[in-house]
Amino acid sequence: MKQSQFFIKTLREFPKDEESANARLLLRGGFIDKNSAGVYTYLPLGLRVLENIHGIIREELNRMGASELFMPALISKKYWEVTSRWNTDILYKVNDSSGQEYGLGFTHEEVLTPILKKVISSWRDLPVALYQIQTKFRDEPRARFGLVRGKEFIMKDLYSFHADDKDLDSYYLKVARVYKKIFKRLGLPVKVVEASGGDFTSEYTHEFQVLTPAGEDTIFYCSGCDFAQNKEIAKVHEGESCPLCKKGTIRKESGIEVGNIFKLGTRFSKPIDLSYKDKSGAKNFVVMGSYGLGSSRVMGALVELSHDSAGVLWTPAVSPFQVHLIELAGARAQASQIYGTLLKRDVNVLYDDRKGTSPGEKFADSDLFGIPLRIVVSAKTAAAKKVELKARGEKNVRLITIQKAIDYV
């Protein structure tokens, strides 16, 4: 992609009304545009990051046998009333021209469970696992942390349907393992944290938390083992010995929740009468699980965790481009040749071919974009058949031959 043609509009200064690092850097870098509090447009640069995140999620969920679908965001009142969630505080409600009432989906149990009711009748029809990646809506009174907490956000929600608790338990652990793999591929270190089940279950649920001072949740965890609990259920205090391993010390940090998994049991299948007949012909309610992963929140968390004063530092897996190729004055022919060679080798490259833009401005934009590798071609380096190669976040610049730079990439 040539930068002269690609729609990127950076800001000269950081927005003054934003506190969080992710909002400040993503807005200034031209990744997103703020429509209103908690509502954003994903501009071309930001959309590429988001789609890279979605690609990893899809690969891992498809590999584990889940099937993707896409459900409506506009959900009729009758579905919410069956599960007694019509008067939920966070639900946006709208009326159409005929007076029909709808709620904008913040979750989709009310849509998917009736669909499964049409197709599940026997134990042979189970288990089933379906997921979607979709825009959600939440009447959030504290939408002031950029992509971390929004009124409109993008989430992957997976739902599983089982014949009994044993099968649900097994699948629940499977999803937890897959989530760990997803976050590892994204370059996002997470802690699996026990949390309250709320209205869904008396058991603990599990959150996937990124430890960062920018987080809103308070996490107590062990310095030596995997023990971790959300403040809302924790009975431990900072500095105490770990109740699990007895060796580590309890620490306290803030965290951003990027995923959660719930055992729903029959919370939704009973009111909707989603049931099946077992081998003996007896009626049983389907047992359900729900597994959320906030992809737009992941994008915000990645920025909170990995940035410097100049801009974002994307991990290679999610970066909008693999390489930023910068052409300086007098090097058009050599830069164009390198660009063509990289494209032939299937390298995802952003080529800064802009005329009339100073080197300082090009370098500042490059830092804002956070692309992992930068290749700079100038008249001087081109004459020597060399380029400058630099990794984002590092100070060292290597002067190497064009061929070695291409091979390295």
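A short reminder: the numbers here are calculations on the coordinates, not readings from a lab. Since the model is a prediction, treat every value here as computed from it, not as a measurement. All Cβ positions, glycine included, derive from the backbone under ideal geometry; neighbour counts span all protein chains shown.
Can you list the aspartates and glutamates whose alpha carbon sits under 16 Å from that of residue 78, skipping same-chain ones fewer than 8 residues off?
Result set, ordered by chain and number: 96, 101, 109, 110, 273.
Relative contact order for the chain using alpha-carbon pairs under 8 Å, separation at least 6, rounded to a whole percent?
16 percent
Run the reach check for residue 279 against lysines, Cα to Cα strictly under 30 Å, same-chain hits fewer than 8 apart removed. What comes back?
Here the lysines satisfying the reach criterion relative to residue 279 are 117, 118, 166, 174, 263, 270.
Give the residue list of GluC sites (Glu not before Pro) in segment 146-213 that are DSSP loop and have at most 14 other beta-carbon atoms within 10 angstrom.
203
Calculate the FRET efficiency for residue 78 and residue 122 from the Cβ-Cβ distance with a Förster distance of 25 Å, rounded to the nearest 0.05.
Efficiency, from the Cβ-Cβ distance: 0.40.
Taking 0.36 nm per residue of sequence separation and subtracting the Cα-Cα distance, how much length would be gained by fully extending the chain between residue 176 and residue 380, in nm to one decimal?
Here the segment from residue 176 to residue 380 would lengthen by 68.1 nm.
Within segment 215-293, list the GluC sites (Glu not before Pro) lying in a DSSP loop whose Cβ has at most 15 other Cβ atoms in a 10 Å radius.
Answer in residue order: 216, 232, 238, 240.
In square nanometres and to one decimal, what's the mean projected area of the convex hull around the Cα atoms of the chain?
Mean orientational projected area (the chain, Cα hull): 24.6 nm².
How much length would be gained if the chain were fully extended between residue 11 and residue 144, taking 0.36 nm per residue of separation minus their Cα-Cα distance, in nm to one decimal?
45.9 nm
State the Kirkwood hydrodynamic radius of segment 323-408 in Å, one decimal place, computed from all pairs of distinct Cα atoms.
Computed over Cα pairs of segment 323-408, the Kirkwood hydrodynamic radius comes out at 12.7 Å.
How far apart, in nm, are the 7 Å Cα→Cβ label points at residue 282 and residue 395?
Going by the 7 Å Cα→Cβ label model, 7.2 nm.
Gaussian network model of the chain, Cα springs within a sub-10 Å range: biggest mean-square fluctuation belongs to which of 236, 210, 349?
Looking only at 236, 210, 349, the biggest GNM fluctuation is shown by 236.
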